[in-house]
Structures are given as structure tokens and as C-alpha cells.
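Okay, so here's the structure we're looking at.
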Amino acid sequence: MVFTLSAAGSKCARISASAAGRATTAVAEQKCREMNVVSIGQTVFGSNKAAQTLYEDLGFKPTVLQMCRRLSPI
């Protein structure tokens, strides 16, 4: 996945989802620090291994594992 970002009067920049996730997380962390927030969380779907790897690389640790099982129709 690639996001396209643009600002008024500038050329468009193409960045990867990973780069967008890193940049968004950095901004969110800074804003939270300014508000004296002591921790932040991130929800990631179990099937999204790339996102899991990204957030683990950024220092996030798993805290809850939610599992489900689809039931056959009755």
C-alpha cells in the first residue's frame, strides 16, 4: 500500500504504508508526551503481519491476544 501526500504549493510525495505508520506514530507519541500521557496502544489485525512487525520495531509489545472462531451455520 502506498499513500500520496501533498501540501499546498508542494509536489506530491509517495511514501510506503510503513513510512506513513512510522511518521504518524512519531507525531502521535510527541503529542502524547506533551500531554504527559504515559503509554499508548495500537490495534492490529492478527492477519496483518507487516503491521505487527512495524509496531514491534517501534517498541510496541503485545498485551492482549483476542481470538475468534467462525461457527458453521445451524
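The values are calculated or read from the model by the stated rules, or taken from the named source; none is laboratory data. As the structure is a computational prediction, the values presented were derived from the model and not from experiment. Here the Cβ positions follow ideal geometry from the backbone for every residue, glycine too, while neighbour counts run over all protein chains shown.
Some observations on this one:
- Cross-chain or 6+ apart pairs with Cβ under 8 Å, segment 3-28 first and hydroxyl-bearing (Ser, Thr, Tyr), then assigned to a helix (DSSP H, G or I) and at pLDDT 55 or above: Ser18/Ala50; Ser18/Leu54; Thr25/Tyr55
- Filtered by the rule that a residue be outside any helix (DSSP H, G or I) and farther than 30 Å from Arg69 by Cα, segment 13-55 gives Ala13, Arg14, Ile15, Ser16, Met35, Asn36, Val37, Val38, Ser39.
- For segment 20-41, a residue qualifies if it is of a type in the set (Val, Ile, Thr), over 12 Å from the mean Cα position of the chain (by Cα) and surrounded by 13 or more Cβ atoms within 10 Å (Cβ to Cβ), but none of them does.
- Scan segment 55-74 for residues that are within 17 Å of Gly21 (Cβ to Cβ) and at pLDDT below 90 and the total you get is 0.
- Residue in segment 42-54 that is at pLDDT below 90, exposed (fewer than 13 other Cβ atoms within 10 Å of the Cβ) and under 10 Å from the mean Cα position of the chain (by Cα) present: yes
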